[in-house]
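Every number here is computed from the coordinates shown, using simple stated rules; none is lab data. Everything numeric here is computed off the predicted structure, so don't read it as measured data. Note that we place each Cβ from the backbone using ideal geometry, even for glycine, and neighbour counts take in every protein chain shown.
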Amino acid sequence: MITQRQFTVGLTADFYDEQGKLKYVDIGLNLLDDAPNISVTRIAKHAPEIRADQITGMNGVIVLTPSVTAATLQDAQDLLVIGRFGVGYDGVDVAACTNADVVLFITAGAVDYSVAEATVAWMLSLSHHVRTKDHLVRSGQWDARSRWMGSELRDRTLGIIGFGGIGRAVQRMTEGFGMLPPLVFDPYVSAAAVTAAGARPATLDELLAQSDFVSLHCPLNEKTRNLLTARELGLMQPTAFLINTARGGIVNENDLYDALVENRIAGAAIDCFVQEPLVAPTPLTSLENVLLAPHSIAWTNELFRDIGRSACQGMIDLAQRRTPHGVVNPDVLKRRGFQEKWERLTLGP
């Protein structure tokens, strides 16, 4: 093997319970166990932001939920890589990683199937009034069922905002339901590519006005923050549903509340919030036409297995002087400081 030096990979504390045991069935750690010259440790205490002293002696860190800031990386002379356990990286200061000669990678592709399946589950739950019908039985309102006729996915239009791996997986998964070809808004994907995939390119306004379901699958950044406000939500049909499995902040939560409480849209399913974790009810929790989840609607054992294998493989790749899949800041690979650090940490004394 190329690697000669011991390479230490740390996991953030939120992978573990209070007894120090892993919370999850499989996050791919067997890959690290079987890799030569790699050891695994963990950050002892969970905090919203990783402190610099918590990663001392670690060459790579796999991050579940804490943020990584410039302060985290102020003394990162022995840190080579940050691996995000997932695909969102709005909680990681990318520029700070590059300046500290640290690679940031995400587990691109590993989340596609699970998030797509969760999206479809929510589409079905919303259109068939699953939450309300469950309540009718539990509250003895059997005869009220006639007031809650559902609608099928057949012949309906799905609007997909963000046509990356997850958006494309949602399209493939909904094809079997007899839906119309979906509308797609993604300024980074050409109209020709959208058409070739069997979807219909659209402007954001066209998508919102014509879709029965609007599903968000784009990252949170300065261009997508408050992408949907009162104006955009006002373009949606009163029978349409909004689904957000992407990030809080893409939809203005106050404007969404107003649209829902005034029945200007039929309902919503929300997995992501501006402030996370939620420790107190928000206005959205008071509404009957909303499904809510604690940023985990797609969490399955299979998802964490696939993400974990991808994250662990990325660590092995760096330790063995290969470029991992899903690098967010590829320019760092060309920096002299990174090249010297990479050699020092992997090729021995």
So what is the calculated 222 nm ellipticity per residue for the chain, using -39500 (n - 2.57) for each DSSP H run with n of 4 or more, over all residues, to the nearest 500 deg cm²/dmol?
-8500 deg cm²/dmol
Amide H to amide H under 5 Å from residue 12: which residues, 5+ apart in sequence or cross-chain, H placed 1.01 Å off N in plane?
43, 62, 64
Just to be sure I understand: of the beta bridges DSSP finds with both ends in the chain, what percent are antiparallel, rounded to 5?
5 percent
Burial ordering of 122, 148, 142, fewest other beta-carbon atoms within 10 Å first:
142, 148, 122
Karplus ³J(HN,Hα) for segment 316-328 (6.51 cos²θ - 1.76 cosθ + 1.60, θ = phi - 60°; Hz, whole; x = Gly/Pro) runs 4, 4, 5, 5, 9, 6, 10, 6, x, 6, x, 5, 8
Each residue of segment 267-284 in turn: what ³J(HN,Hα) in whole Hz from Karplus with 6.51, -1.76, 1.60 and θ = phi - 60°, glycine and Pro shown as x?
x, 8, 10, 10, 10, 10, 10, 4, 9, 9, x, 7, 10, 9, x, 9, x, 4
Please report the relative contact order for the chain, taking Cα pairs under 8 Å with a sequence separation of at least 6, and give it as a percent rounded to a whole number.
22 percent
Within straight cross-link reach of residue 45, meaning Cα distance under 19 Å, which lysines are found once same-chain residues fewer than 8 apart are removed?
21, 23
How far apart, in nm, are the 7 Å Cα→Cβ label points at residue 173 and residue 230?
3.4 nm
